[in-house]
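Visitor: The structure that follows is given in the form of structure tokens.
Derivation of every value follows stated rules applied to the coordinates shown; laboratory data play no part. Remember, it's a predicted structure, so these values are computed and weren't measured experimentally. Positions of Cβ are backbone-derived with ideal geometry, glycine not excepted, and every protein chain shown enters the neighbour counts.
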Amino acid sequence: MDISFWKHHPISDQSGKLLAEEAIDFQNSFQFDFLKLTPAGNWLAVCYGAKDENWENDSVGRRKIIRFPLKEIKDFYNLQHFSFNEKLLVEILEALQICSAKVDVPVYATVFCPLSQLIQISGLDLFIKTLKTEPKAIFTALNVITQNTKKVLEKASQVGVKGLYFVTQHMQSDLITFDLYDQFGKPSDQDCLNTASSLFDSIIFHLHGDDCYACISENITNLSLHCSCKLEETTNSKSINETEYPVIFGIPASILSEVSSSEDCKKILNRFPSNTILTCECVLPLDFPEEKINLWNKLVKEL
């Protein structure tokens, strides 16, 4: 079983060189089986003009969007294709290039899916309003975002990236229903993932949240799903288990921190079954103890 954990780097994540330096230091400390570069989750939204706050001591290093560039429905028609001179885009591609050149394990790029990017630049309320009153605007915006995202994936591959960590924040029934996601989100995900499958050796599709469903096309090569593990069976977790894709169940940090022996390790792994990779459910808290990471590394390698 492979193992990899990751954290945000909330000060350094605005600079390609500094982000790469911290990511490489983290990788060198623990020698994981792959390095997932973890920029701010809204990094692509910033490239469209979203304004995020400075890091305000969020426990996992997130940055909150405080200004959305899309303010009314007509703005959905005016999104631009990336020039690739966007400052944060240049920085993150530089970080990926540095990491790919300096570590001897595969590097994964973190890229949010087009639907989540659109909601990040419009806000959920305006997105829902537009979806109900002028769906053409949603499709127009998603088309531009999808084309931009595919070009980002191509650029990442060109600088040596071997894997993709593709993220949806909105494949959750309490945010977007399955039917709405199927209509509006799935086509752009499919387009991006088809491109990714031709570029990368591995794709991890992270379904973020507590009540996710699997609205995803079949027959995408090299794809695994990554989501929180529910100890109780639910309709949505059942639909995830019934896909053709391998499922990586992330372990909550609170459970990861309980390990103190090989017996603890075995009991936890029995509760949170994962077939290929041991990892967290999203990102580790910034203060997660290094001794626990080292212990997990040691115990997993002994299995």
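Visitor: How big is D, in µm² s⁻¹, for the chain by Stokes-Einstein at 37 °C and 0.692 mPa s if Rh is the Kirkwood radius over C-alpha pairs?
Guide: Roughly 167 µm²/s, to the nearest whole number.
Visitor: A further question on this structure: Name the most mobile residue of S116, S15, S262, meaning the one with the largest mean-square fluctuation, in a Gaussian network model of the chain with Cα contacts below 10 Å.
Guide: Result for the chain, Cα springs under 10 Å: S262 fluctuates most.
Visitor: Let's test the formula: R0 of 45 Å, r as the Cβ-Cβ distance of L131 and E94. What FRET efficiency results, to the nearest 0.05?
Guide: Here the calculated transfer efficiency is 0.80.
Visitor: Once fully extended, how much extra length lies between D211 and K64, figured as 0.36 nm per residue of separation less the alpha-carbon to alpha-carbon distance?
Guide: 50.7 nm
Visitor: Continuing with this model, one more query. Given a Förster distance of 45 angstrom, what is the FRET efficiency for K151 paired with D264, based on the Cβ-Cβ distance and rounded to 0.05?
Guide: 0.50
Visitor: Which value, to two decimals, describes the C-alpha radius of gyration of segment 87-219 once divided by 2.2 N^0.38 Å?
Guide: 1.08
Visitor: On to the next question. What is the set of long-range amide H partners of S228 at a cut-off below 5 Å, with H atoms built 1.01 Å from backbone N?
Guide: Excluding prolines and chain starts, which carry no amide H, the hits are G209, G250.
Visitor: Can you list residues whose amide H is under 5 Å from V167's amide H, if they're 5+ apart or on another chain and H is modeled 1.01 Å from N?
Guide: For V167, whose amide H was placed from the backbone, the distant partners under 5 Å are V111, F112, C113, H206.
Visitor: List, in the order given, every pair from K17/K71; K151/K298; K102/K186; K162/K292 whose Cα-Cα distance in the structure shown is over 31 Å.
Guide: Beyond 31 Å between Cα atoms: K17/K71; K151/K298; K102/K186.
Visitor: Pull up all non-local amide H partners of C280: gap of 5 or more, or a different chain, and H-to-H distance under 5 Å with H placed in the peptide plane.
Guide: Amide H to amide H, under 5 Å and 5 or more residues apart or across chains, C280 pairs with W6, I251.
Visitor: Hey, what angle do you get for helix 16-30 against the long axis of the chain, alpha-carbon based, 0 to 90 degrees rounded to 10?
Guide: Taking Cα atoms only, the helix is inclined about 20 degrees.
Visitor: Contact order normalised by length for segment 2-302, with contacts defined as Cα pairs under 8 Å and 6 or more residues apart; what percent is it?
Guide: 18
Visitor: If you don't mind, there's one more thing I want to ask. How big is the gap, in Å, between the Cα center of segment 17-79 and the Cα center of segment 83-110?
Guide: Between the Cα centre of segment 17-79 and that of segment 83-110, the gap is 13 Å.
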